[in-house]
Amino acid sequence: MSNQLPPQQPPWQPQPGPMTKKKMKKKHRVRNVVLSVIGGVVALFVVLGVIGAAVGPPKTTVATTTHTPRVTASTSLSPKPSPIATYTKAQLRAQARAVREDAAKAKASQAAAARAAAQKAAARHRAWLRANSIEFIVTGTPGANVIYGPAGSNYQGSSPMDVTERIGSPAYYAINAQLQGGGQVSCEIKVAGQVISSATASGGYNIATCEISQGPFGGWQNDNDG
């Protein structure tokens, strides 16, 4: 008895039937429709491209605006810094010397102006004193005894002398100048620079007397004439 196996049959394969052929035809139809649609879209784009190239690109209007900067009152323009000047030592020394000379001139001018002002003030004061003062003058042999002043006073001096006082309103002013054994002596009384009374004495112990008083109508008069 042999061990041979029985012959095996090939696997079963389904045979295409009527239904399978219909499905395949349907798939081919859908593919053809899709391809037709894609072809139509591509053709449309090509036509549009040809028309656009013929017509040209669309004109675009660009609105331009001019911007003018506003300048207000607070706007300030900073000046450009000036270049720094350079000087030599000689130039610096010359400038320093010029500054010293100018300062000295200004000081001298101020001093001159101050002196002139002082002189004018002194002249005005002297003029005021002359107009409002009385002057007692005694000249001649030195050493004569002098008594002078307004009524009621007893000021003493000796020749020669010259005394100026502010004038007042006493009853009178007088000078008595007495020699001391010889010589000559003279006296004068001035009011506002004008001689009102004068006298002279000579020899021994003689006396020169000057006296003034206010007149009945104002002013000063010489009493030696009376």
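Annotations for the structure displayed:
- Debye, to nearest 20: dipole size of region 83-136, +1 on Lys, Arg Cβ, -1 on Asp, Glu Cβ: 100 debye
- Net charge dipole size for region 134-225 [Lys, Arg +1 and Asp, Glu -1 on Cβ; Debye, nearest 20]: 100 debye
- Taking label points 7 Å from Cα along the Cα-to-Cβ direction, residue 161 and residue 225 give a separation of 2.7 nm.
- 17 Å cut-off, amide nitrogen to a point 7 angstrom out along residue 107 Cα→Cβ, residues in region 83-101: 96-101
- With the charge dipole of region 87-131 set up from +1 on Lys and Arg Cβ and -1 on Asp and Glu Cβ about the Cα centre, the Cα lying farthest toward the positive end among the listed residues 127, 90, 111 is that of 127.
All of the numbers you see were taken from the coordinates with simple rules; none came from a lab. Note that the structure is a prediction, hence the values are computed from the model and not measured. Cβ: placed from backbone, ideal geometry, glycine included. Neighbour counts: every protein chain shown.
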